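The values are calculated or read from the model by the stated rules, or taken from the named source; none is laboratory data. Only a predicted model underlies this, so the values are computations on that prediction, with no experimental measurement involved. So basically every Cβ, Gly included, is an ideal-geometry build from the backbone, and we count neighbours across all protein chains shown. We work out accessible area using only protein heavy atoms, side chains counted, and drop any ligands, DNA or RNA first. Shrake-Rupley method; radii C 1.70, N 1.55, O 1.52, S 1.80 Å.
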Amino acid sequence: MKKLPALLLILSCTMLIACNNGQEINGRSTKTAYRSVKGIKERLPSETRIQFEVAFWTIRDANKDDSKFLDLVGGKTPEEIIVLGKEIYQQRKDTGYQAYTQYSSWEDMINKFGKERNDQENRVGKKKEDPKDKANNVLYNLQ
(Lines give C-alpha, C1' and ligand atoms only; values in the text may rest on other atoms or scores of the structure.)
Protein backbone atom coordinates (compact mmCIF):
# COMPACT_ATOMS: atom_id res chain seq x y z
CA MET A 1 0.00 0.00 0.00
CA LYS A 2 2.92 2.36 0.55
CA LYS A 3 3.85 2.04 -3.10
CA LEU A 4 0.47 3.29 -4.39
CA PRO A 5 0.92 6.97 -3.40
CA ALA A 6 4.45 6.99 -4.83
CA LEU A 7 3.20 5.43 -8.05
CA LEU A 8 0.40 8.00 -8.32
CA LEU A 9 2.86 10.84 -7.71
CA ILE A 10 5.20 9.59 -10.44
CA LEU A 11 2.30 9.09 -12.83
CA SER A 12 0.91 12.59 -12.23
CA CYS A 13 4.34 14.18 -12.67
CA THR A 14 4.81 12.30 -15.93
CA MET A 15 1.42 13.50 -17.16
CA LEU A 16 2.26 17.11 -16.30
CA ILE A 17 5.56 16.91 -18.15
CA ALA A 18 3.87 15.35 -21.19
CA CYS A 19 1.21 18.06 -21.30
CA ASN A 20 3.74 20.88 -21.12
CA ASN A 21 4.36 21.01 -24.89
CA GLY A 22 0.71 21.37 -25.94
CA GLN A 23 1.34 24.52 -27.96
CA GLU A 24 4.46 23.27 -29.72
CA ILE A 25 4.70 21.26 -32.91
CA ASN A 26 5.91 17.71 -32.47
CA GLY A 27 8.62 17.33 -35.10
CA ARG A 28 9.44 13.64 -34.73
CA SER A 29 7.80 12.78 -38.06
CA THR A 30 5.65 14.48 -40.66
CA LYS A 31 2.64 12.55 -39.39
CA THR A 32 3.08 13.78 -35.83
CA ALA A 33 3.81 17.30 -37.05
CA TYR A 34 0.60 17.40 -39.06
CA ARG A 35 -1.35 15.94 -36.15
CA SER A 36 0.00 18.50 -33.69
CA VAL A 37 -0.69 21.35 -36.14
CA LYS A 38 -4.28 20.16 -36.43
CA GLY A 39 -4.67 20.16 -32.64
CA ILE A 40 -2.97 23.53 -32.20
CA LYS A 41 -5.02 25.30 -34.86
CA GLU A 42 -8.27 24.13 -33.24
CA ARG A 43 -7.26 25.94 -30.04
CA LEU A 44 -6.20 29.19 -31.73
CA PRO A 45 -8.45 32.22 -32.07
CA SER A 46 -9.92 32.56 -35.56
CA GLU A 47 -7.88 35.67 -36.42
CA THR A 48 -4.62 33.81 -35.71
CA ARG A 49 -5.68 30.44 -37.14
CA ILE A 50 -5.45 31.43 -40.81
CA GLN A 51 -2.05 33.08 -40.33
CA PHE A 52 -0.78 29.96 -38.58
CA GLU A 53 -2.08 27.63 -41.31
CA VAL A 54 -0.72 29.76 -44.15
CA ALA A 55 2.65 30.16 -42.42
CA PHE A 56 2.94 26.43 -41.75
CA TRP A 57 2.18 25.49 -45.36
CA THR A 58 4.47 28.26 -46.63
CA ILE A 59 7.30 26.70 -44.62
CA ARG A 60 6.38 23.25 -45.91
CA ASP A 61 6.26 24.45 -49.52
CA ALA A 62 9.67 26.08 -49.20
CA ASN A 63 11.22 22.96 -47.58
CA LYS A 64 10.42 19.81 -49.52
CA ASP A 65 13.01 17.73 -47.64
CA ASP A 66 11.22 16.16 -44.65
CA SER A 67 14.18 16.22 -42.25
CA LYS A 68 14.96 19.89 -42.92
CA PHE A 69 11.28 20.79 -42.62
CA LEU A 70 10.90 18.89 -39.34
CA ASP A 71 14.03 20.56 -37.94
CA LEU A 72 12.54 23.95 -38.77
CA VAL A 73 9.07 23.41 -37.28
CA GLY A 74 9.81 20.96 -34.46
CA GLY A 75 9.27 22.51 -31.03
CA LYS A 76 7.98 25.80 -32.43
CA THR A 77 4.94 27.65 -31.08
CA PRO A 78 2.26 29.14 -33.35
CA GLU A 79 3.78 32.60 -32.95
CA GLU A 80 7.21 31.35 -34.00
CA ILE A 81 5.70 29.56 -37.01
CA ILE A 82 3.94 32.76 -38.10
CA VAL A 83 7.18 34.77 -37.84
CA LEU A 84 9.08 32.12 -39.82
CA GLY A 85 6.31 31.97 -42.42
CA LYS A 86 6.42 35.75 -42.85
CA GLU A 87 10.20 35.64 -43.34
CA ILE A 88 9.96 32.92 -45.98
CA TYR A 89 7.12 34.78 -47.71
CA GLN A 90 9.21 37.96 -47.87
CA GLN A 91 12.32 36.13 -49.10
CA ARG A 92 10.35 34.38 -51.83
CA LYS A 93 8.51 37.56 -52.82
CA ASP A 94 11.82 39.46 -53.08
CA THR A 95 13.21 36.78 -55.38
CA GLY A 96 10.14 37.03 -57.63
CA TYR A 97 8.31 33.85 -56.64
CA GLN A 98 5.37 33.70 -59.05
CA ALA A 99 2.65 32.68 -56.57
CA TYR A 100 3.27 35.76 -54.39
CA THR A 101 3.29 38.43 -57.08
CA GLN A 102 -0.46 38.88 -56.77
CA TYR A 103 -0.16 39.95 -53.11
CA SER A 104 1.20 43.30 -52.01
CA SER A 105 2.08 42.07 -48.51
CA TRP A 106 1.70 39.21 -46.04
CA GLU A 107 -1.37 40.89 -44.55
CA ASP A 108 -2.93 41.23 -48.00
CA MET A 109 -2.43 37.51 -48.60
CA ILE A 110 -3.89 36.60 -45.20
CA ASN A 111 -6.91 38.85 -45.79
CA LYS A 112 -7.61 37.23 -49.15
CA PHE A 113 -7.31 33.73 -47.69
CA GLY A 114 -9.57 34.77 -44.80
CA LYS A 115 -12.16 36.13 -47.20
CA GLU A 116 -12.05 32.92 -49.25
CA ARG A 117 -12.48 30.86 -46.08
CA ASN A 118 -15.49 32.94 -44.99
CA ASP A 119 -17.05 32.62 -48.44
CA GLN A 120 -16.60 28.84 -48.32
CA GLU A 121 -18.13 28.61 -44.85
CA ASN A 122 -21.09 30.75 -45.92
CA ARG A 123 -21.68 28.59 -49.00
CA VAL A 124 -21.59 25.40 -46.98
CA GLY A 125 -23.95 26.85 -44.36
CA LYS A 126 -26.63 27.81 -46.89
CA LYS A 127 -27.69 24.37 -47.97
CA LYS A 128 -30.92 24.12 -49.95
CA GLU A 129 -33.71 22.44 -48.07
CA ASP A 130 -35.14 19.42 -49.83
CA PRO A 131 -38.98 19.14 -49.67
CA LYS A 132 -38.60 15.37 -49.23
CA ASP A 133 -36.86 16.01 -45.92
CA LYS A 134 -39.96 17.74 -44.54
CA ALA A 135 -42.09 14.74 -45.46
CA ASN A 136 -39.77 12.47 -43.47
CA ASN A 137 -39.85 14.62 -40.33
CA VAL A 138 -40.41 12.55 -37.18
CA LEU A 139 -41.34 15.53 -35.02
CA TYR A 140 -45.07 15.67 -34.45
CA ASN A 141 -47.23 18.60 -33.52
CA LEU A 142 -49.15 17.41 -30.46
CA GLN A 143 -51.64 20.24 -30.14
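What are the residues in segment 19-49 that are at pLDDT below 75 and either open to solvent by 70 Å² or more (accessible area, probe 1.4 Å) or in contact with a helix residue (DSSP H, G or I) (Cβ under 6 Å, 6 or more places away or on another chain) (or both), if any? Within segment 19-49, CYS19, ASN20, ASN21 qualify. When GLY85, GLY75, GLY96, GLY125 are checked against the criterion of being at pLDDT 85 or above, of a type outside the set (Ser, Thr, Tyr) and on the phi < 0 side of the Ramachandran plot, GLY85 stands alone in meeting it.
Can you find a residue that is under 15 Å from the mean Cα position of the chain (by Cα) and open to solvent by 80 Å² or more (accessible area, probe 1.4 Å) anywhere in segment 61-77? No, that holds for no residue. Can you run down the residue pairs with Cβ atoms below 8 Å, 6 or more apart or on separate chains, where the first is in segment 78-98 and assigned to a helix (DSSP H, G or I) and the partner is open to solvent by 30 Å² or more (accessible area, probe 1.4 Å) and among the β-branched types (Val, Ile, Thr)? Cβ pairs passing all conditions: PRO78/THR48; ILE82/THR48; LYS93/THR101.
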